[in-house]
Structure formats: structure tokens, C-alpha cells
Amino acid sequence: MTETAGTAGTADITRTPDFTAHTSTANSSGIFDSTAHTGTADTSGTLDEALQRLHASGPERLGRLTNHAPMAVEALVRRGQARAVHRWLDHYRPKLEDMPAPHSPVTAANWREALGDPVRITDWARYFDRETRERPWREVLAEWWPRLLPGIAGGSTHPVIRTGHAVRTLLTSEETEPRRVELAHALGYWAARHHPLPPLRDLGPAPTAAAALDAVPPILDQDGPLPARLARLTAHPRWGAATDPDTAHALLTELVTAATHRYATHGHGEPVMLVHAATAPNAVLRTLPALPRDLWAPSVGAAWAAAAAVTAAYTPAEPVPYRQVPLIAEEVFERAAAHGDDHTIKFTDTALDVGDPRALAAAARSITLNPPVF
């Protein structure tokens with residue numbers, strides 16, 4: 001479900017300051033390197049302090065709205081804005097709710113009956129906490145990744161996004177107790193909100209990710225929260241068949257780039273929710289290095305399904321033009337941090353992964369469209 005969204009307007013990026021030009025380089029496939037602007041590992045302890053503050057809180061509030069704090073603070077720290085974290089958390093604190101009461105333990109014998117049951121959110125968090133204490137977290141992730149992927153759209157894609165942030169931290173920083181627990185909470189949220197998409201009619205192949213997104217038919221009744229809209233999906237174009245891990249990585253990079261770029265001209269359709277068309281597949285892309293390579297190719301289809309579903313649910317009737325101006329990645333993220341909106345912070349974080357001028361323009365667009373927090 002969405003928070004209050006910003007007001008749609010033109011996509012004239014000239015409303016942003018005239019920053020010095022940012023330069024990105026494309027790889028041999030013409031796709032910008034998604035590892036660009038990866039940020040730095042946290043050595044200050046800020047992220048661990050923030051996660052410890054948050055782990056008494058549940059992943060949702062008011063029955064369904066997602067707690068975005070763990071994802072936002074990870075992005076802030078990752079992008080050099082650790083000094084802003086505790087102020088941001090102090091402002092976000094009224095939105096936090098305690099973890100729900102447990103129901104009954106999830107076990108290796110009964111997990112199938114608990115999958116997709118939001119009443120079991122705390123049971124699932126405790127299950128993954130036990131699992132990641134007793135076994136290496138990569139082993140737990142590899143076991144559960146193919147079980148969870150079919151439900152990638154559950155929780156409006158937030159659980160997979162939270163998982164991607166947690167995995168990125170574990171891959172690039174020291175493994176600490178708060179970071180391990182964060183992965184357990186993320187996987188538990190995903191398991192509790194696991195919700196497969198309905199069967200969809202195949203519209204035939206699309207040659208590129210950008211063309212595939214353009215060919216996604218919008219749902220006819222664009223009303224209500226995302227879960228209600230997902231039930232109205234009818235058809236998607238076919239895209240993203242991967243036969244080997246390297247192709248899978250390239251396709252996911254292409255999808256994240258295309259979805260990020262598309263926000264520059266289509267984000268006004270629903271400025272908050274359309275960020276997930278990019279951030280959900282990017283969470284999958286970020287997780288790949290932690291997974292066995294034989295799980296990479298199956299991940300592409302799930303990421304495409306999530307991006308296409310969000311696109312169908314919120315795409316506007318018409319795009320709006322935009323005019324590119326020079327931008328510097330670090331300054332764009334500083335503006336996102338000062339703006340304070342959690343979706344804007346996370347989308348800008350993904351835009352910096354893409355790193356090219358149009359991605360930065362899309363990030364600037366999200367800053368313009370979404371209402372500021374501070």
C-alpha cells in the first residue's frame with residue numbers, strides 16, 4: 001500500500017541545480033555497469049546502532065503499510081550519509097510499531113502451511129533468526145531463495161527489497177549480529193507476505209527490457225492498493241530468458257537500467273509506487289553474488305514479473321518529456337537524503353547503481369515528485 005504520493009507535474013529536470021556533468025561508462029553490451037557508485041562499507045557502527053533500534057519493531061504498521069526504515073538507513077549509510085541516520089530515525093519513529101505477537105513456531109515440518117500467512121510474521125522472523133544462527137546465512141539464503149521467488153510481489157515487493165539491502169551489507173561489510181538479524185527479519189517478512197502473481201497471458205517476446213516495459217498493458221481499473229491491482233493483471237510480454245548465469249546478470253542489469261530510466265518520463269503515474277519497478281529487480285541483482293550461480297537464471301523471470309506487475313498497476317496514460325541537465329551522483333543523493341522521503345532515498349540509491357545521466361535525471365525527478373519529509 002502506498003503512502004501519500006506527490007503531485008504529478010512536468011519532467012523538466014531544469015528545476016534542479018545545474019550540477020557539474022557526471023560521466024558513466026558502458027560495458028561491452030552497451031549497459032551501464034550496475035556496480036558503479038557502490039558506496040563504501042560502514043565502519044562507524046551507525047548502521048548496527050540503527051538496526052538495533054529497529055529490530056524491536058515489526059515490518060509493517062497499520063495492518064499493511066511497510067516499515068521502510070531498515071532499507072532507508074542502509075542506503076543512507078552506504079551512500080556516505082551516516083550522519084543523517086539517527087535524525088532520520090527520530091523523525092520516522094512515530095511510524096514504527098512493535099513486532100506482532102507470535103502465533104506458533106514455524107518449523108521444517110510445517111513451513112508450507114505458514115508460507116504467505118501475515119499473522120505469522122513474528123513466527124517467521126524467529127524461524128530465520130534460528131536458522132541463521134545455526135547455519136551460514138548464505139546457506140539459508142540459497143535454500144529459501146527458490147521457495148520465496150514465486151511470491152516476489154507479496155508485500156508490494158518490499159520484502160525482496162529489504163532482503164537485497166540486507167544481503168548487500170553482509171556482502172560488503174563485516175558480518176555482525178544486527179546485520180545477520182536484519183537478514184532474518186527480511187526473509188521472515190517475505191515468507192509471511194509471500195503471494196504469487198496470477199497466471200498471465202503471454203503477449204509474445206519483446207526484444208529489450210525497455211521495449212518490454214513499454215509493451216506492458218496497464219490494468220483497466222487503476223484504483224486501490226497494489227495487492228488489489230495485482231489481481232487485475234491479465235497479460236505480460238515475454239522477456240528475459242536466461243540460459244546461463246552471466247546472461248542472467250546482464251539481463252537483470254538491463255532491466256534495472258530500463259526501469260530506472262522509465263521513471264524519468266513515467267514516474268508521475270504514481271511517484272511512490274513506481275519506484276518499485278526498479279528497486280525490486282535491483283534487490284534481486286544485488287543478491288546474486290550471495291547465491292549459487294545455478295540460481296541466477298531462475299531469478300530473472302521473477303524480477304521481470306515484479307517490474308512488469310508494478311508497471312501495469314500504475315503506469316500513466318502518457319509519458320511526459322524531460323530535458324537532461326548535468327548532475328553529479330553524490331550531490332543527487334545528498335539532495336535525496338535532505339529530502340528525507342524513504343522511497344526517494346531508496347530509488348536514488350538504485351539510480352546510483354545504474355549511474356548514467358538518465359538514471360540521475362530519474363532520481364532528480366523522484367525528488368521533485370515526492371513530498372519532502374524535512
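The values are calculated or read from the model by the stated rules, or taken from the named source; none is laboratory data. Bear in mind that the values here come from a model prediction, so they are computed numbers and not experimental data. Cβ coordinates were reconstructed from backbone atoms using ideal geometry, including for glycine residues, and neighbour counts include every protein chain displayed. We work out accessible area using only protein heavy atoms, side chains counted, and drop any ligands, DNA or RNA first. Shrake-Rupley method; radii C 1.70, N 1.55, O 1.52, S 1.80 Å.
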* For F374 and A338, compute 0.36 nm times the residue count separating them, minus their Cα-Cα distance, and round to one decimal in nm. => 12.3 nm
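If I require 24 Å or longer along the helix axis, counting alpha carbons, and a Kyte-Doolittle average no lower than -0.5, what helices from the chain are left? Use full DSSP H segments.
245-266, 296-314
What does the charge count near E97 come to, summing +1 for each Lys or Arg and -1 for each Asp or Glu among other residues with Cβ under 13 Å from its Cβ?
Working: positive: R61, R64, R93, K95; negative: E60, D98.
Here the count lands on +2.
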* To do: Any chance you could check the Cα centroid distance between segment 134-191 and segment 214-244 for me, in angstrom?
  => 25 Å
* Give me the distance in nm between label points sitting 7 Å out from Cα along the Cα-to-Cβ direction at I328 and A241, one decimal. => 4.7 nm
* To do: Output the Kirkwood hydrodynamic radius of segment 314-374, Cα pairs only, in Å rounded to one decimal.
  => 11.8 Å
* Structure fact -> Sorted by chain and number, the residues with a modelled amide H under 5 Å from that of R238, at a separation of 5 or more or across chains, are L203, G204, A206
* Among R323, R138, R53, determine the one that fluctuates most according to a GNM of the chain built with springs between C-alpha atoms less than 10 Å apart. => R323
* To do: For the chain, set up a Gaussian network in which alpha carbons nearer than 10 Å are linked by springs, and say which option among P225, P357, P100 fluctuates the most.
  => P225
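Report the Rg/Rh value for segment 244-362, based on alpha-carbon coordinates and the Kirkwood definition of Rh.
Details: Rg = 14.3 Å, Rh = 14.6 Å.
Checking Rg against Rh, the ratio lands at 0.98.
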* Which of T176, W88, A114 sits farthest toward the positive end of the charge dipole of the chain, with +1 on the Cβ of Lys and Arg and -1 on the Cβ of Asp and Glu? -> A114
* Give the percent of DSSP beta bridges with both residues in the chain that are antiparallel, rounded to the nearest 5. => 45 percent
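Kindly state, as a whole number, the per residue volume in cubic angstrom of the convex hull around the alpha carbon atoms of the chain. List each step's numbers first, then the result.
Values: hull volume 47.3 nm³, N = 374.
It comes to 126 Å³ per residue, whole-number rounded.
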* Return the inverse of the average 1/r over all pairs of distinct C-alpha atoms in segment 81-126, which is the Kirkwood hydrodynamic radius, in Å to one decimal. => 12.9 Å
* Roll a 1.4 Å probe over the protein chains and send me the accessible area per residue for the chain in Å². => 38 Å²
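Counting only helical runs of four or more DSSP H residues, what would the 222 nm mean residue ellipticity of the chain come to if each run contributes -39,500 (n - 2.57) and the total is spread over all its residues? Show your work: numbers first, answer last.
On the way: 16 runs with 190 residues, N = 374.
Dividing the helical sum by the residues of the chain leaves -15500 deg cm²/dmol.
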